[in-house]
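Following: one structure in structure tokens, then a few remarks.
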Amino acid sequence: MTQIFNFSAGPAVLPKEVLTQAAAEMLDWHGSGMSVMEMSHRGPEFMSIYQAAERDLRELLAVPDNYKILFMQGGGLSQNALIPLNLLGHKPAGATIDFIHTGSWSGKSIKEAGKYAKVNIAASSTSAVPPQAEWQLTPAASAAYLHMCTNETIDGVEYQPDFSDARFAERVLVADMSSHILSRVIDVAKYGVIFAGAQKNIGPAGVTIVIIRDDLLGKALPVCPSAFDFKLVADNESMYNTPPTYGIYIAGLVFQWLKQQGGVAEMERRAKAKADLLYAALDADDFYQNRVARQNRSRMNVPFYLKDESKNEAFLAGAKARGLLQLKGHKSVGGMRASIYNAMPIEGVQALVDYLNEFAGRAGK
Ligand SMILES: *Cc1c(COP(=O)(O)O)cnc(C)c1O
């Protein structure tokens with residue numbers, strides 16, 4: 001079989017070592033005689049899996065002690081409702097949620113939040129993040145929180161806020177990091193809430209990670225569903241209802257793998273190297289185009305277009321024949337997209353670059 005490289009945006013590639021270990025442990029986890037899928041979530045076996053996963057994620061992201069890590073369900077999109085439902089309870093009616101609109105996912109967050117509160121789009125652009133000094137934030141006294149999506153999976157826009165901005169000190173920052181969590185070093189203490197669906201850079205679809213500062217717990221609106229009340233989930237170590245146990249187990253194996261590889265700093269180094277290699281091939285001439293401002297180009301999701309779009313089908317067919325899978329762009333933007341998450345080895349990116357060069361007729365250059 002040809003070596004396969006999977007560039008899917010999500011559900012996405014997982015480390016081969018993790019899948020191999022999961023396969024070996026499928027029928028009998030550590031001599032327990034049970035598959036992880038068959039275990040009580042409150043039994044000692046699963047509790048040990050859960051606690052190791054929580055501890056390892058806390059270590060990988062250097063999550064401070066005054067933050068809780070929740071393993072929830074519902075995916076990234078459900079958080080667009082759960083965040084307002086959980087944070088607005090202590091806010092005066094009329095509090096406004098600020099948004100930085102940088103693409104599809106923040107766009108969806110804006111729409112959903114509008115069901116629960118007034119929203120203010122403080123800045124909007126989907127190909128270059130507007131300069132922070134120009135963000136039109138609601139005055140702190142009437143601001144509920146500020147929501148941003150720091151990696152737009154569809155648009156390929158990535159950024160980090162400039163925390164020297166004094167306005168952050170008096171505001172709660174909420175970040176959707178679904179598609180780049182664990183790919184770069186972040187300072188968790190700068191955020192009120194970080195959330196991420198697992199299926200991009202962590203594990204199987206179904207698990208949703210929420211990292212929340214203690215003082216933001218217990219502020220849910222009365223209508224917030226109990227199973228999604230962050231305080232109830234936190235007080236019950238994510239076991240208020242049955243958590244997605246198998247997904248948490250796989251996520252835990254991914255966290256162990258990340259630690260063995262050298263942790264988040266090493267992932268960031270590799271992400272830079274892989275992204276640099278790929279963008280250089282796209283920029284070599286005008287055969288391909290990436291339309292994102294250079295300073296905001298995502299290291300995880302690389303959308304690109306063929307200058308001659310009539311060659312799209314041929315491009316994808318040739319890629320597939322070489323084992324380069326799932327390169328078709330999101331239907332809303334067309335073109336191509338290569339997602340190069342933590343589990344994508346540099347060999348996969350090199351194979352894609354070789355193909356890009358060959359297809360563009362640059363062979364031998
Ligand atoms: C994939 C994704 C989501 C949505 O995740 P679901 O699990 O499908 O709800 C939200 N935000 C970002 C940035 C994503 O990449």
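The values are calculated or read from the model by the stated rules, or taken from the named source; none is laboratory data. All values derive from a computational prediction rather than experimental measurement. As a convention, Cβ positions derive from the backbone with ideal geometry for all residues, glycine included, and neighbour counts pool all protein chains shown.
Could we say that L253 is in the same structural domain as S179 (by TED's automatic domain parsing), under 17 Å from E59 (Cα atoms), more than 16 Å from the ligand (Cβ to nearest atom) and modelled with pLDDT of 95 or more here? Step through it out loud before you land on a result.
Details: in the same structural domain as S179 (by TED's automatic domain parsing): yes; under 17 Å from E59 (Cα atoms): yes; more than 16 Å from the ligand (Cβ to nearest atom): yes; modelled with pLDDT of 95 or more: yes.
Criteria met by L253.
Somewhere in region 244-255, is a residue crowded, with 23+ Cβ neighbours inside 10 Å and of a type in the set (S, T, Y)?
Yes, the conditions are met somewhere in region 244-255.
Among the residues of region 76-83, are any assigned to a loop (DSSP other than H, G, I, E, B) and either under 18 Å from the mean Cα position of the chain (by Cα) or touching a residue at least 12 places away in the same chain (Cβ under 8 Å) (or both)? Reasoning before the result, please.
Kept after step one, since they are assigned to a loop (DSSP other than H, G, I, E, B), are these residues of region 76-83: none.
So far as region 76-83 goes, no, none of its residues is assigned to a loop (DSSP other than H, G, I, E, B) and either under 18 Å from the mean Cα position of the chain (by Cα) or touching a residue at least 12 places away in the same chain (Cβ under 8 Å) (or both).
In region 313-332, how many are in contact with a Phe, Trp or Tyr (Cβ under 9 Å, 6 or more places away or on another chain) and over 24 Å from K16 (Cβ atoms)? Working first, answer last.
First, the residues of region 313-332 that are in contact with a Phe, Trp or Tyr (Cβ under 9 Å, 6 or more places away or on another chain): 314-315, 318-319, 322-327, 329.
Those still in the list that are over 24 Å from K16 (Cβ atoms) too: 314-315, 318, 329.
Matching residues across region 313-332 total 4.
Look at region 59-86 and say how many of its residues are out of contact with any helix residue (DSSP H, G or I) (no Cβ under 7 Å at 6 or more places or on another chain), closer than 17 Å to E237 by Cβ and within 12 Å of the ligand (Cβ to nearest atom).
Of the residues in that region, 1 qualify.
Go through (1) within 16 Å of the ligand (Cβ to nearest atom); (2) free of Cβ contacts under 8 Å to residues at least 24 places away in the same chain for N241 and report which single condition fails.
Against the list (1) within 16 Å of the ligand (Cβ to nearest atom); (2) free of Cβ contacts under 8 Å to residues at least 24 places away in the same chain, N241 comes up short only on (1).
Enumerate the pairs (first residue in region 112-128 and more than 25 Å from P303 (Cα to Cα); second residue anywhere and among the basic types (K, R)) with beta-carbon separation below 9 Å, excluding pairs fewer than 6 apart on the same chain, so at least 6 apart or on different chains.
These pairs meet every condition: A117/K91; V119/K111.
Hey, can you tell me all the residues within region 101-111 that are of a type outside the set (A, V, I, L, M), away from the ligand (no atom under 11 Å from the Cβ) and crowded, with 18+ Cβ neighbours inside 10 Å?
Within region 101-111, the subset of a type outside the set (A, V, I, L, M) is 101-109, 111.
This time we only want the ones that are away from the ligand (no atom under 11 Å from the Cβ), so: 101, 111.
Within region 101-111, just H101 meets the criteria.
If you go through region 150-198, how many residues are within 14 Å of the ligand (Cβ to nearest atom) and free of Cβ contacts under 8 Å to residues at least 12 places away in the same chain? Step through it out loud before you land on a result.
First, the residues of region 150-198 that are within 14 Å of the ligand (Cβ to nearest atom): 150-159, 174-183, 193-198.
Pick out the ones that are also free of Cβ contacts under 8 Å to residues at least 12 places away in the same chain and you get none.
Residues that pass the stated criteria total 0.
For residues that are touching a strand residue (DSSP E or B) at 6+ places or on another chain (Cβ under 6 Å) and in a helix (DSSP H, G or I), scanning just region 280-311, find the one that is surrounded by the most Cβ atoms within 10 Å (Cβ to Cβ).
L282
Does region 30-64 hold any residues that are assigned to a loop (DSSP other than H, G, I, E, B) and without any contact (Cβ under 8 Å) to a residue 24 or more places away in the chain, and which are they?
To start, the set of residues in region 30-64 that are assigned to a loop (DSSP other than H, G, I, E, B) comprises 30-35, 39-43, 61-64.
H30, G31, S32, G33, M34, S35, S40, G43, listed by residue number.
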